[in-house]
Every structure is written in structure tokens, then in C-alpha cells.
1. Is it the case, given these coordinates, that GLN158 is closer than 17 Å to ARG84 by Cα and either out of contact with any Cys (no Cβ under 9 Å at 6 or more places or on another chain) or buried (at least 17 other Cβ atoms within 10 Å of the Cβ) (or both)?
2. Tell me whether the stretch 103-114 contains one or more residues that are in contact (Cβ under 8 Å) with a residue 12 or more places away in the chain and farther than 20 Å from TYR141 by Cα.
3. Residue check, ALA109 against (1) under 20 Å from LEU14 (Cα atoms); (2) surrounded by 14 or more Cβ atoms within 10 Å (Cβ to Cβ), all met but one. Which one?
4. Which pairs have Cβ atoms under 7 Å, sit 6 or more apart or on different chains, and link a residue in the stretch 64-78 that is without any contact (Cβ under 8 Å) to a residue 60 or more places away in the chain and surrounded by 21 or more Cβ atoms within 10 Å (Cβ to Cβ) to one that is of a type in the set (Gly, Ala, Ser) and outside any strand (DSSP E or B)?
5. Since ALA125 meets every condition but one in (1) assigned to a loop (DSSP other than H, G, I, E, B); (2) buried (at least 20 other Cβ atoms within 10 Å of the Cβ); (3) of a type outside the set (Lys, Arg), which condition does it not meet?
6. Can you report the number of residues in the stretch 166-182 which are outside any loop (DSSP other than H, G, I, E, B), buried (at least 18 other Cβ atoms within 10 Å of the Cβ) and either at pLDDT 95 or above or basic (Lys, Arg) (or both)?
7. In the stretch 41-73, what residues are outside any helix (DSSP H, G or I) and on the phi < 0 side of the Ramachandran plot?
Amino acid sequence: MITIKPLQTDQAQLFTEYFDGLDFSHAEHWAGCFCQYYLSGCTPEEWEQRSASQNRELALLNIRSGRMTGYLAFEGQEVVGWCRTIDMLDAPNIANLPELPTARGEAGAVVCFVVHPRTRGQGLAGQLLGVAVEGFRQDGYQKVYGFPFESKEHPQRQYLGTAGMFERLGFSRQSASENQAVYCLEF
């Protein structure tokens, strides 16, 4: 049975151990991200220069400080999935929005799904998205954005979710370019 819970400040080590234990051979550059790209504020060039250990340490710091948000999926005590949520004011690396929010708590985004290979293809990413949307709603957000990337040639790039996942929850397509779309759900 899968349970989904918000990331807690005392789960920093559990989170990093989950990422440490995954096989990223299909996209080796993700092995060192630890879901820090969107919080980093780095340019793509600066990001390329960062090491996995720097990002791991940053993840530990950001989780323990409460700056990093998201949801962990558990099968028993084992982490089997992750969904990254972020307030848009904390996401300087997302620049393809039609309009930027002006206040904290106005617009959030779901920017990453990392599902354990054993639990892929079972709808877990969609469940994580549903829980994340409900979390934003309960926290009083007005909008939630998603950025699905559709690619049959590169399915590993679908770490941002699929259009169908967002559409099933009522998100509407705002714009698109080269397989990348912007979806929005307003409350």
C-alpha cells in the first residue's frame, strides 16, 4: 500500500538516501541534482559546474530549514516516489510563464517527479500530483503550474510529468514550445 506524505524537516537524510539509491544511468546528469536546480538560482552554465555533493548538501540544508517542499510516497517504510513543489517566487529558473506572481502563496508549481523503477507505470506520479494540488489548495494558493515535457524518443525527460496527468486534474494548457508545455490550474 502506498502512502503519500509531505516532506518533513527531519526527513532530509531519508530524502538524500532515496536519491543516492536510484539508478540514473538513463540520465546521468540527474544523479547529482537532488531536486535543487529550481531553488539554486544558477544559470544553466553555473548549474553544470556544480557537483553532486554540493547539491546533496544543499538539499539537506534546504529540507532541514523548511525551504524545500514536496511529497514523498512510501511503500511501508521505503520511499518509492517524490514530487517537488515550489512557490513560484522561489523558482527563478522557471522563466516560461505567461505572467509571474507578485506575492508569496499566489502561485505554486510542481516541477519534478522521481518514481522508483519498481513502482513506475502504476499511476504513482498522478497520485503525487493530486496530493500536491490539494496541498496548494489547502495552503490558499490561487494557481498551480505544471510543465510537462512529452517525448516518445526520450521518456526519461518526463520527470516533469505528462500532459495527461495535468489534464485529468483540470489543468488547462497555457502555452507550448518544442514538446514543453505550460499548464495552469486556478482555484
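1. Details: closer than 17 Å to ARG84 by Cα: yes; either out of contact with any Cys (no Cβ under 9 Å at 6 or more places or on another chain) or buried (at least 17 other Cβ atoms within 10 Å of the Cβ) (or both): yes.
So GLN158 fits the description; yes.
2. The answer is yes, given that some residue of the stretch 103-114 is in contact (Cβ under 8 Å) with a residue 12 or more places away in the chain and farther than 20 Å from TYR141 by Cα.
3. The number of the failed condition is (1).
4. none
5. (1)
6. Step one: filter the stretch 166-182 for residues outside any loop (DSSP other than H, G, I, E, B), giving 166-168, 172-177, 180-182.
If we keep only those that are buried (at least 18 other Cβ atoms within 10 Å of the Cβ) too, we end up with 166, 181-182.
Among the residues that remain, those that are also either at pLDDT 95 or above or basic (Lys, Arg) (or both) are: 166.
The total comes to 1.
7. Start the filter on the stretch 41-73 by keeping residues that are outside any helix (DSSP H, G or I), which leaves 41-43, 50-51, 65-73.
Within the stretch 41-73, CYS42, THR43, ARG50, SER51, SER65, ARG67, MET68, THR69, TYR71, LEU72, ALA73 meet the criteria.
Listed here are the residues, each with its yes/no results for (1) hydroxyl-bearing (Ser, Thr, Tyr); (2) more than 16 Å from the chain's Cα centre (by Cα).
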position: GLN13; (1), (2): no, yes
position: SER25; (1), (2): yes, yes
position: ALA31; (1), (2): no, no
position: GLN36; (1), (2): no, no
position: SER40; (1), (2): yes, no
position: TRP47; (1), (2): no, yes
position: GLU57; (1), (2): no, yes
position: LEU61; (1), (2): no, yes
position: GLY66; (1), (2): no, no
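The values are calculated or read from the model by the stated rules, or taken from the named source; none is laboratory data. Remember, it's a predicted structure, so these values are computed and weren't measured experimentally. Positions of Cβ are generated from backbone atoms using ideal geometry, with glycine treated the same way; all protein chains shown enter the neighbour counts.
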